[in-house]
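Each remark here refers to the structure printed beneath this line.
The values are calculated or read from the model by the stated rules, or taken from the named source; none is laboratory data. For clarity, every value in this text was computed on a predicted model and none was experimentally measured. Counting neighbours? That spans all protein chains shown, and the Cβs are built from the backbone with ideal geometry, glycine included.
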Amino acid sequence: MTALGDDVKMRSAGIAALLLLMVVVVAACGSDESSTDSFIGAAAGEEHAPVVRTGETFTVEQFEAAGFKLLKEFDVDTVPRAQNVYYGFSERRDIEIRRYANHADANSAGVESALAAIGRSPNSNSGGGIITSTGNRTSYHAYMVAGNMVLLCQTDISACENLVNAIP
């Protein structure tokens, strides 16, 4: 009887430990204080996206002078109201820069298309995002608005912020 009792106690202790671990994980994941407040991702709200230098109108040449390596310009058919879509990188991260006529267009149509792009699966065949020359789809996890430009950022917002901050 003691062997059976010990087995029941061990099983109960194991279940209790598992439940405790699950509670800790759920509590940690459910915290309102997270580091995602500094950038936008598929699950974050658009009000968290940085909107900077609203009175300025930028050119891709300014971004190139600040360190953006332009690789290709894409057709704008799938990006409403965009005048140009540039693909390249900075700080070894893919960045897509979408140029709009003014800040109002960038902050409305640009934000809407950015939200669609960052919420899409990397394997998605829907419009937006790009497929590189090697057939890989670039997946964006963050975006920001700088004047008349919307920048889509590969992994986090830091490379995009650094690029904008480097423009005098």
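Results, tabulated for the structure shown:
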{"read-out": "Pick from region 150-168, criterion part of a loop (DSSP other than H, G, I, E, B) and in contact (Cβ under 8 Å) with a residue 60 or more places away in the chain, ranking: nearest to Y100 (Cα to Cα)", "value": "I167"}
{"read-out": "Identity of the residue in region 122-137, more than 15 Å from R98 (Cα to Cα) and in a strand (DSSP E or B), that ends up modelled with the lowest pLDDT", "value": "I131"}
{"read-out": "Residue match in region 82-97 (condition: within 20 Å of E56 (Cβ to Cβ), in contact with a Ser or Thr (Cβ under 8 Å, 6 or more places away or on another chain) and surrounded by fewer than 17 Cβ atoms within 10 Å (Cβ to Cβ))", "value": "no"}
{"read-out": "Filtered residues of region 144-162 (kept if out of contact with any Lys or Arg (no Cβ under 9 Å at 6 or more places or on another chain) and under 12 Å from D94 (Cα atoms))", "value": "I157"}
